[in-house]
1. When the residues of the stretch 146-167 are filtered to those that are within 17 Å of the chain's Cα centre (by Cα) and in contact (Cβ under 8 Å) with a residue 60 or more places away in the chain, which remaining residue is farthest from Leu54 (Cα to Cα)?
2. Are there any pairs, at least 6 apart or on different chains, whose C-beta atoms fall under 8 Å, with the first in the stretch 215-243 and within 26 Å of Trp56 (Cβ to Cβ) and the second basic (Lys, Arg) and part of a helix (DSSP H, G or I), and if so, which?
3. For Pro252, state whether it is modelled with pLDDT under 95, in a loop (DSSP other than H, G, I, E, B), open to solvent by 30 Å² or more (accessible area, probe 1.4 Å) and in contact with a Pro (Cβ under 9 Å, 6 or more places away or on another chain).
4. Would you confirm whether any residue within the stretch 92-108 is more than 22 Å from Gly227 (Cβ to Cβ), of a type in the set (Lys, Arg), at pLDDT 95 or above and touching a Ser or Thr at 6+ places or on another chain (Cβ under 9 Å)?
5. Among the numbered criteria (1) open to solvent by 30 Å² or more (accessible area, probe 1.4 Å); (2) farther than 29 Å from Leu130 by Cβ, which one does Val42 miss?
6. Assuming Asp19 fulfils every condition listed in (1) surrounded by 21 or more Cβ atoms within 10 Å (Cβ to Cβ); (2) part of a loop (DSSP other than H, G, I, E, B) apart from one, which condition is it?
7. Inspect all residues belonging to the stretch 185-192 and state whether any of them is open to solvent by 20 Å² or more (accessible area, probe 1.4 Å) and among the charged types (D, E, K, R).
8. Tell me yes or no: at least one residue of the stretch 209-222 is part of a loop (DSSP other than H, G, I, E, B), under 29 Å from Ile48 (Cβ atoms) and touching a Pro at 6+ places or on another chain (Cβ under 7 Å).
Amino acid sequence: MRLIHSGKVRELYLDESVDPAELLLVASDRLSIYDVVLPTPVPDKGAILTALSLFWFDRTADLVPNHVIGTHDIPAAFAGRAVRCRPLDMLPVECIARGYLTGLGLKEYQKDGTVSGVRLPDGLVEGSRLPEPIFTPTTKAAVGEHDEFMTFDDVVALVGADTAERLRALTLEVYRRGAESAAAGGILVADTKLEFGRDTDGEIVLGDEVLTPDSSRFWPADSYQPGRPQFSFDKQYVRDWSAGLDWDRTAPGPEVPDDVVKVVQDRYAEVYRRITGTAWESPVTG
C-alpha cells in the first residue's frame, strides 16, 4: 500500500493488491482549524467523519454521483475510518453553501454587505437566517495556507461558465437536502463545504466528505437565537477556545487540552446521533 497524498485530515493510498483503479481514502483523527493542523488528535473523529459521510453520500446519490465504491477490504489499521473510492481530478474550488450568516461570512458582510460578491439585505446579525441559501466559494489553499473568498465570476474564470453553474447548482441542492434531513433531528445546518472532481469520463462527481462537523456548522434548533454566537456541534468550539490563546493562527498549532478534546469528541458523536438517529459506537471500543 502506497501513500500518494496527505491532506490536513485525510490520506489517500493506492492498494494495487486489491484493484489499481481504486483508492483508499482514510480519515485521520487529526483536527485542523484556520487551515492549521493541531498536534492533538481527537479519538474516534476519523471514524465519525467517515460514517457520517457515507450516510450522506447514500442520501444524495440521486442528486450527484459520488466517489464511493465501498468499504470492503479495509486494512485493520484503518478499520472504520476508510472507504474505497474512485480517483478524481479534483476541481480547484471549495464549494460552500450558506443558509445562515456566521464565521468569516459574517465578517465579510459587516465589511461591505456581501459574501463572495453576493449582496445580502441590510440589518443582518450574527446567526441571521438568509432569505435563501447562497453559494460562497473559496480558493482551495495548500496545507498551512488560508482559503480566500471567490466571487462566482472568479469561479467562471477558473473552471469555465458551464462548470461554475453546475458547481453552484449541485452545492445548493446538496445543502438543501442535508438541511431538510438534519432538521428532523433538531439540527440547523448553518453552512457546509463540498468538494467536487471529474471522473475518467469527465463527469462532475462529489468527493472527499459530505455534511460532517469538520466541513459544516451544526446548531441545535431548540436554542437557536439570532444576534449571538450559537452552540455548535462542530469544530467551532475549538476555534472559540483558541481565540483566548496567544496564537496567530499559523503553524505550529497549539496543543489541545484533554477537556477540550473530550467536548469535541462528545459533540461529534451527538450530532452523528441526531442526524442518523443511531447512537455512535466506536469501532475501537464500541
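The values are calculated or read from the model by the stated rules, or taken from the named source; none is laboratory data. Given the structure is predicted, the values throughout are model-derived calculations rather than measurements. Neighbour counts are summed over all protein chains in view; Cβ atoms, including those assigned to glycine, are modelled from backbone coordinates with ideal geometry. These area figures cover heavy atoms from the full protein model, side chains too; ligands, DNA and RNA do not enter into them. Shrake-Rupley method; radii C 1.70, N 1.55, O 1.52, S 1.80 Å.
1. Filtering first and then ranking leaves His146.
2. Ser232/Arg267; Phe233/Arg267; Phe233/Arg274; Asp234/Arg267; Tyr237/Arg267
3. For Pro252, the condition - modelled with pLDDT under 95, in a loop (DSSP other than H, G, I, E, B), open to solvent by 30 Å² or more (accessible area, probe 1.4 Å) and in contact with a Pro (Cβ under 9 Å, 6 or more places away or on another chain) - is met.
4. The answer is no, given that none of the residues of the stretch 92-108 is more than 22 Å from Gly227 (Cβ to Cβ), of a type in the set (Lys, Arg), at pLDDT 95 or above and touching a Ser or Thr at 6+ places or on another chain (Cβ under 9 Å).
5. The one condition Val42 does not meet is (1).
6. (1)
7. No; the residues of the stretch 185-192 include none that is open to solvent by 20 Å² or more (accessible area, probe 1.4 Å) and among the charged types (D, E, K, R).
8. No, that holds for no residue.
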